[in-house]
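Here's the structure we're looking at; comments come further down.
The values are calculated or read from the model by the stated rules, or taken from the named source; none is laboratory data. The model shown is predicted, which means the values in this text are computed figures rather than measured ones. All Cβ positions, glycine included, derive from the backbone under ideal geometry; neighbour counts span all protein chains shown. SASA here: full protein model, heavy atoms, side chains in, ligands and nucleic acids out. Shrake-Rupley method; radii C 1.70, N 1.55, O 1.52, S 1.80 Å.
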Amino acid sequence: MKGFATLPKVELHVHLDCSLSFEVVKRLLPGIDFATYKKQFTSGGKCTNLKAYIELAISAIKLMQTKESLILVTNDLVMQLVDDQVIYAEVRFAPLQHLEQGLSPEEVVATVCEELAKANQNHRIKANLIVCTLRHYSEEESMATVKLAEAFRNQGVVGFDLAADEAGYPIDAHRAAFAFAKENNIPCTAHAGEACGAESVRETLQVLRPQRIGHGVRSIEDKKVIQALLTQDVHLEICPSSNVVTSVVDTLKDHPVDQLYRQGVSLSINTDGRALVDVDLAHEYEQLMQIFGWEKAHFLQCNLEAIRHAFISELEKEGLREQLLAGYGGLTSDKKVRK
Ligand SMILES: [Zn+2]
């Protein structure tokens, strides 16, 4: 891994329900073999589109309907993050997808928050939670989700996200929830510019006004959208291999991450789904190094930008910066980092 395995990392975009390891699935479904796990819980490398990718998460979500299973899956992801030397993570999921066996939305969020809090005490990681509303949700469901973000803001929920099928549903049903988030100072991100083009990013910026965009890679199609990202200082949570899996790009060589970086857009490197995409950050960094010639300074810059746009206090950011810079052995990033 040429040193990337041991470097400290920050991950802002990782879905809990897209990251179940074989070990945790085996505990929840005793008797499952590796080939069946690969087929049901990973993408196998390529999906026809984002919708097909999202459907793959259904097997995992079915297994995550009790407190016990949510605890196991949360711990499983924490251990994957710790192994990948992630020092700060914002983990996300949609709580309303976990009510099939009688849990209340509050019980679902409380369970995951409590496990993340334990992880923060027991491991060299700080992990917070982002709750997601989904594109196909009604206005009521979206409002119910953002109110969970508000209710649990002192227990580890740091933000609100809009996820799921960008091409299949408009953003109209989510205007009220994002307005509520703004009024109540709940930081927001939203998936856009993944299954749809730059126009979707423009609309998301104008209507939902998030501080960050999940993916946003198709912003590259429109100079004005790039300019808007720069002017408004909106951060892109980029997940390169995930975009190959969902056929946003054919191969990593075709990915606009290097162009976006060179145009000065604030961005970070993320996995999206550690099981579905079948990647960790060490491996992702290695691929970017090989394809685009990125060096440690590039990754330091991406991680500093991730910290700058993390949904945490300035004091916490300062501590993470120190930890990160110590891990990079005094290296400076290839750009002047804004604070
Ligand atoms: Zn995502």
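Among the residues of the stretch 159-189, which ones are within 16 Å of the ligand (Cβ to nearest atom) and either of a type in the set (S, T, N, Q) or under 18 Å from Thr231 (Cα atoms) (or both)?
Cys188, Thr189
Consider the stretch 212-224. How many of its residues are away from the ligand (no atom under 16 Å from the Cβ) and either more than 17 Å from Asp258 (Cα to Cα) or within 15 Å of the chain's Cα centre (by Cα) (or both)?
Adding up the residues that qualify gives 1.
Keeping to the stretch 50-76, report how many residues are within 28 Å of Gly216 (Cβ to Cβ) and either outside any helix (DSSP H, G or I) or among the aliphatic types (A, V, I, L, M) (or both).
Looking only at that region, the number is 10.
Between a first residue in the stretch 237-258 that is under 15 Å from Ala164 (Cα atoms) and of a type in the set (Asp, Glu) and a second residue that is in a helix (DSSP H, G or I) and open to solvent by 20 Å² or more (accessible area, probe 1.4 Å), which pairs have beta carbons less than 8 Å apart while being 6 or more apart in sequence or on different chains?
none
Within the stretch 191-211, restricting attention to residues that are among the charged types (D, E, K, R) and either farther than 15 Å from Ala167 by Cα or more than 14 Å from the ligand (Cβ to nearest atom) (or both), which residue is most open to solvent (accessible area, probe 1.4 Å)?
Arg209
Can you tell me which condition Leu236 does not meet? The list is (1) more than 13 Å from the ligand (Cβ to nearest atom); (2) open to solvent by less than 20 Å² (accessible area, probe 1.4 Å), and all the others hold.
(1)
State whether the residues of the stretch 194-201 include one that is closer than 23 Å to Val86 by Cβ and touching a helix residue (DSSP H, G or I) at 6+ places or on another chain (Cβ under 8 Å).
Yes, the stretch 194-201 contains a residue that is closer than 23 Å to Val86 by Cβ and touching a helix residue (DSSP H, G or I) at 6+ places or on another chain (Cβ under 8 Å).
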